[in-house]
Structures are given as structure tokens and as C-alpha cells.
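Before any comments, here is the structure.
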Amino acid sequence: MTVWRITDGEGGLDSGARAAAPRYDIVEHDTALLRIAAASASTRLQMSGEIDVSNAPDVGHALHAAQARMPGDLHVDLTAVEFVDVAGLRAFTKAARDLDEHGRLLVLHAVSPHIDRLFAMIGWHTSPGLQIHCRPRR
């Protein structure tokens, strides 16, 4: 599923209230290619760089660690992710399916249009437990 506008309901972004920025205080992975930071008090991750076959297992481990920390949906900020290959998409899809088995979601935020298009071309945008929120079009 692709969602172009993020809504939070009462008190959320659409209500005019500013969402408090999560504090990313755990570094799950940090290399020249990819950095994954986590918020210890919530199931939120922030990724920056590129996700490919060389670090897709690390993405999977970080997603699993975040979902094990706290109950609820897992949110991933991809604002600073410039590239994702099929191995990276597979890591997200697998995590979404695992979460779906427990009634939870993997919510990808600020997905670039070309990454969203790749999800759709492969057909994984409809994977159980996955929600994709794209960056606003300019």
C-alpha cells in the first residue's frame, strides 16, 4: 500500500500539532555505506545511506532488534536513504511479514518515489504488514 500523505488522527500531524521528534540514541549499524540509529524507548529506526545486498542482513537484524524492544508497530524513517536494491526490499518485506503475524505493521516513512516504484514493480508494495508513506511530490 502506498500512502502519499501521513496522518496521525487526533493530536497528530493533520490536527496542526507538531509531532515530537524521537531521540535516536542507539546506533544499530554504522559503516561508510549505511547508518541505522534507533530510539531505545520506542520502535523507531532512522536509516541513512544506501541499502544493498552487502548490508541487507544488517537491516534485517536492526528491524528485528527494534521490534523485540517494544510492542506496537515498527516505524522506519528513510528520509536520508538514497538507494535500496532488491535485497534491501526483501529485508523490509520479511520484517513486515514477521510483524503481521503478531498483528503489527512495518511503516516506512519518507520513501523516495523511485524506491516506492521499485516496491510496486516487484509487487511487494502489497505485502502483509507493510505500509509505505512516500515523500511529498514536488
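Some points to look at:
- Just one of (1) of a type in the set (A, V, I, L, M); (2) open to solvent by less than 50 Å² (accessible area, probe 1.4 Å); (3) at pLDDT below 95 fails for Val84. It is (3).
- Region 123-138 - residue that is over 16 Å from Leu63 (Cβ atoms) and open to solvent by less than 20 Å² (accessible area, probe 1.4 Å) and, of those, farthest from the chain's Cα centre (by Cα): Cys134
- So Arg35, is it crowded, with 18+ Cβ neighbours inside 10 Å and among the basic types (Lys, Arg): no
- Filter result for Phe92 (of a type in the set (Phe, Trp, Tyr), under 13 Å from the mean Cα position of the chain (by Cα) and at pLDDT 95 or above): yes
- Residues of region 69-114 satisfying the condition of being part of a helix (DSSP H, G or I) and in contact with an Asp or Glu (Cβ under 7 Å, 6 or more places away or on another chain): Ala87, Gly88
- Boolean, His102 is more than 14 Å from Ile51 (Cβ to Cβ) and free of Cβ contacts under 8 Å to residues at least 24 places away in the same chain: yes
- Residues that are of a type outside the set (Lys, Arg) and open to solvent by 60 Å² or more (accessible area, probe 1.4 Å) were ranked within region 89-112; the one that is farthest from Pro57 (Cα to Cα) is Gly103.
- Test: Ala120 is exposed (fewer than 15 other Cβ atoms within 10 Å of the Cβ) and out of contact with any Phe, Trp or Tyr (no Cβ under 8 Å at 6 or more places or on another chain): yes
- His64 being open to solvent by 50 Å² or more (accessible area, probe 1.4 Å), under 18 Å from Ile132 (Cα atoms) and not in a strand (DSSP E or B): no
- Residue selected from region 38-61 under the condition part of a strand (DSSP E or B) and open to solvent by 70 Å² or more (accessible area, probe 1.4 Å), by the criterion farthest from His114 (Cα to Cα): Arg44
The values are calculated or read from the model by the stated rules, or taken from the named source; none is laboratory data. Quick caveat, the model's predicted, so the values are computed rather than measured. Cβ atoms come from the backbone with ideal geometry, glycine included; neighbour counts cover every protein chain shown. Heavy atoms of the whole protein, side chains included, go into the accessibility calculation; ligands, DNA and RNA do not. Shrake-Rupley method; radii C 1.70, N 1.55, O 1.52, S 1.80 Å.
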